[in-house]
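K.L.:
Quick one: the structure is below, questions incoming.
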Amino acid sequence: MLAKKKLLVVTDLDGSLLDNSYSWQAARPALQCLKTLKIPLVLNSSKTISEMKYFTHSLGTLAPVVAENGGLLAVPQESGLLDQPKDFHHSANDWIQVTGLSRDFILSRAHSLRVAEGYLFEGFADWSDAMVTEHTGLSSAAASRAQSRHATEPILWKDTLARRATFERSLAKDGIRLLMGGRFLHLMGPADKASGTVAVKALYQKAMPDVEWVVVALGDSQNDQAMLEVADIAVVIPHAGGRHISPQGPDVRIASMPATAGWNEAILTIIRDELGSSALL
Ligand SMILES: [Mg+2]
């Protein structure tokens, strides 16, 4: 007997589901469609759990979230996906799993190298909420949500590029990577948005073994590339002017418009196609 197929949507936030003003209003039709068809919507971002919970609450989704670039998984207890989780700890209404290295470990290594070698950098751990606001432009409430980190540390590098390469090599011995984001250099463990996506798919597969999950991933930046490459259907959200990343995969589509409007159109098209081919039962 053929397995029942279901879509599992995994999405980046900034520049994908969210527009420049952090709004998802232009994606309302597609979001409503996902809700009606009970298609899970998994948020997968470099943001913290606290920042992402703000969006899951306003979107009304109970799906797991992948936070801090794959370093952390939060599974709402209400989702029923986990029964007696072993590697998770309990936090408010979620089961939380640090899938990579802990921020405490990352900070201890980075800060001892700073003391020993005199590297010039500063990061969120050195800053008060007010200083995070100053460096990011976030509101004070949003800065506090951005400060509650568990698996990554954003820093501003103020030393030479040559010394940055030495710093990177030293951290690599402990499995810590440096990833350049839009504004900050992120210190993080080996987990990424792709491993987070695979982990969430495995949770659904375990909870509903008779379903064949078809992962649809949407993203716009370099740090989304690996996530798009583990998806069954990859949707690249272009930037203004048409520039876009080029992941490899069996089914890669480029959305017709940037950000939220492109996200909306791509999801509606995929749902229409899947329903039309009767592949989605
Ligand atoms: Mg993005």
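Bear in mind these aren't lab numbers, they're just calculated from the coordinates by the rules spelled out. Note that this is a predicted model, so its numbers are computed, not measured. Positions of Cβ are generated from backbone atoms using ideal geometry, with glycine treated the same way; all protein chains shown enter the neighbour counts.
K.L.:
Report Rg (one decimal) and Dmax (nearest whole number) for region 45-196, counting Cα atoms only, units Å.
P.N.:
16.1, 49
K.L.:
Then there's this: For the chain, find the longest principal axis of its Cα atoms and tell me its angle to the long axis of helix 161-172, 0 to 90°, nearest 10.
P.N.:
Here the helix axis deviates by roughly 70 degrees.
K.L.:
Stokes-Einstein at 10 °C, 1.306 mPa s, Kirkwood radius from Cα pairs: D for region 153-261 in µm² s⁻¹?
P.N.:
Translational diffusion coefficient: 99 µm²/s.
K.L.:
I've got another one for you. I'd like to compare 7-18, 252-263, 161-172: which one has the highest average count of other Cβ atoms within 10 Å, and what's the full order after that? Intermediate values should be presented prior to the final figure.
P.N.:
Details: 7-18: 24.2, 252-263: 19.1, 161-172: 13.7.
My ranking of the peptides, most packed first, is 7-18, 252-263, 161-172.
K.L.:
What are the semi-axes of the equivalent ellipsoid for the chain, taken as the square roots of 5 times the Cα gyration tensor eigenvalues, largest first, in whole Å? Walk me through the numbers before you get to the answer.
P.N.:
Working: eigenvalues 217, 86, 64 Å².
Taking √(5λ) for each Cα gyration eigenvalue gives 33, 21, 18 Å.
K.L.:
With N residues in region 15-111, what two-decimal value do you get for its Cα radius of gyration over 2.2 N^0.38 Å?
P.N.:
1.19
K.L.:
Below 16 Å, Cα to Cα, which lysines can Lys47 reach? Residues fewer than 8 away in the same chain don't count.
P.N.:
In chain and number order, the partners are Lys193.
K.L.:
Two decimals, Cα atoms only, Kirkwood Rh: what is Rg/Rh over region 103-188?
P.N.:
0.96
K.L.:
Assuming 0.36 nm per residue, please report the length gained on full extension of the stretch His89 to Asp174 beyond their Cα-Cα distance.
P.N.:
28.2 nm
K.L.:
Straight-line reach from Lys4: which aspartates and glutamates fall under 19 Å, measuring Cα to Cα and dropping same-chain residues less than 8 apart?
P.N.:
Asp210, Glu212, Asp232, Asp273, Glu274
K.L.:
Among the listed pairs Lys5/Lys173; Lys86/Lys158; Lys53/Lys206; Lys53/Lys86, which have their C-alpha atoms separated by more than 31 angstrom in this model?
P.N.:
Lys5/Lys173; Lys86/Lys158
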